[in-house]
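The next block holds one structure in the form of structure tokens; read it before the comments.
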Amino acid sequence: MNPDFITFDNDVEKNISFRKLDYDRDLTNVFLWMHQQHVIPFWQLNLPFAKFSGHLKDALDDRHQTLYIGEIDGHPMSYWEAYWVKDDVVEKCYDAEPFDQGIHLLIGDTQYLGRGYALPLLRAMVDFQFKRPETKKVVAEPDIRNEKMIHVFEKCGFEAIHPIKLPDKTGLLMFCHRETFEKRWSHEGFYQEV
């Protein structure tokens, strides 16, 4: 499958790519990832297989978001939900602009944990989202308890706004403005598109 976005990251010296999730190909991987100990507290989707497969189908049918598999050198290792803030529950938490995009993510394959991949992956996804010229801001709302991920978001260029109450968690609303992101990373030569 051809990726929707691919880049070579000079920090980790790896290709990072994102491709749309394929239900038949990716269901088992994503199911297993949702049952990892580091994922369960924040996603709470460690459901029985039949229930989770229905959940994933519903998520794929949700037209306000696109599900991606993140790969490093072609190896599937992370799950991403890129969404439009309009029509999302987050829309009610701030004065959203029409083309604001949001992001949810997890690194599922444990061999990629603790190896410095979270920031390069997030940076690549945010860059991918900013390929849409009308998007001026990318939004995140990590679980307020997820200090590691909040730190990664901040390193990427997100700023903490305030806690927000969501149906499944208390999140920390965070914004990454295009101008901030480009200022932080454009001069770094951190990657090149492949």
- Task: Can you pull a Stokes-Einstein diffusion coefficient for the chain at 25 °C (0.890 mPa s), Rh from Kirkwood over Cα pairs, as a whole number of µm²/s?
- Result: 144 µm²/s
- Message: Going by amide H atoms built from the backbone, whose H comes under 5 Å of the H on Asp4, apart from near neighbours?
- Response: Phe18, Arg19, Lys20
- Query: Based on the inverse mean of 1/r over its pairs of different Cα atoms, what is the Kirkwood hydrodynamic radius of region 47-162, in Å?
  - Reply: 15.3 Å
- Computed [θ] at 222 nm, helices only, for the chain once each DSSP H run of length n ≥ 4 contributes -39500 (n - 2.57): -9000 deg cm²/dmol
- Accessible area per residue in Å² at 1.4 Å probe, computed on the chain: 50 Å²
- Query: Which listed residue (Ile161, Val30, Asn2) has the Cα farthest towards the positive end of the charge dipole for the chain, taking +1 on Lys and Arg C-beta and -1 on Asp and Glu C-beta about the Cα centre?
  - Reply: Ile161
- Note on the structure: Whole-percent carbon and sulfur contribution to the accessible surface of region 1-91 (1.4 Å, no ligands, DNA or RNA) stands at 47 percent
- Query: When the chain is fully extended, how far beyond the present Cα-Cα distance does His64 get from Arg25, taking 0.36 nm per residue of separation?
  - Reply: 11.8 nm
- Task: Tell me the label-point distance for the pair His38, Arg184, using the 7 Å Cα-to-Cβ offset, in nm and rounded to one decimal.
- Result: 2.0 nm
- Message: Full-extension gain between Gln111 and Lys136, please, as 0.36 nm times their residue separation minus the C-alpha to C-alpha distance.
- Response: 5.6 nm
- Query: Farthest toward the dipole's positive end in region 1-136, which of Gln101, Val90, Ile16, given Cβ charges of +1 (Lys, Arg) and -1 (Asp, Glu) about the Cα centre?
  - Reply: Ile16
- For His177 paired with Asp11, estimate the spin-label separation in nm (one decimal), with each label point 7 Å from Cα along the Cα-to-Cβ line. 2.2 nm
- Using modelled amide H (1.01 Å from N, peptide plane; none on Pro or chain starts), what sits under 5 Å from the amide H of Lys14, excluding residues fewer than 5 places away? Asp9
- Query: Hey, any idea what % of region 102-194's accessible area is carbon plus sulfur with a 1.4 Å probe?
  - Reply: 51 percent
- Between rounded, prolate and oblate, where does region 102-194 land on the alpha carbon gyration tensor, with a ≥ b ≥ c its root eigenvalues, rounded for a/c under 1.5, else prolate if a/b exceeds b/c? oblate
- Query: Between Thr135 and residues 5 or more places away or on another chain, which pairs have amide H atoms under 5 Å apart, with H built 1.01 Å from N, and which residues are they?
  - Reply: none
- Item | Potential lengthening between Ile144 and Glu81 on full extension [0.36 nm per residue; Cα-Cα distance subtracted] | 20.8 nm
- Query: Which residues make up the longest stretch of the chain that has no GluC sites (Glu not before Pro) in a DSSP loop with at most 11 other Cβ atoms within 10 Å?
  - Reply: 14-133
- Given springs between every Cα pair under 10 Å in a Gaussian network model of the chain, which of Asp61, Asp143, Asp95 has the largest fluctuation? Asp95
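The values are calculated or read from the model by the stated rules, or taken from the named source; none is laboratory data. From a predicted model like this one, the values you see are computed outputs, not experimental measurements. With ideal geometry, Cβ positions are generated from the backbone for all residues, glycine too; neighbour counts draw on all protein chains shown. Ligands, DNA and RNA are stripped out before the accessible areas are found, and what is left, the full protein with its side chains, is counted by its heavy atoms. Shrake-Rupley method; radii C 1.70, N 1.55, O 1.52, S 1.80 Å.
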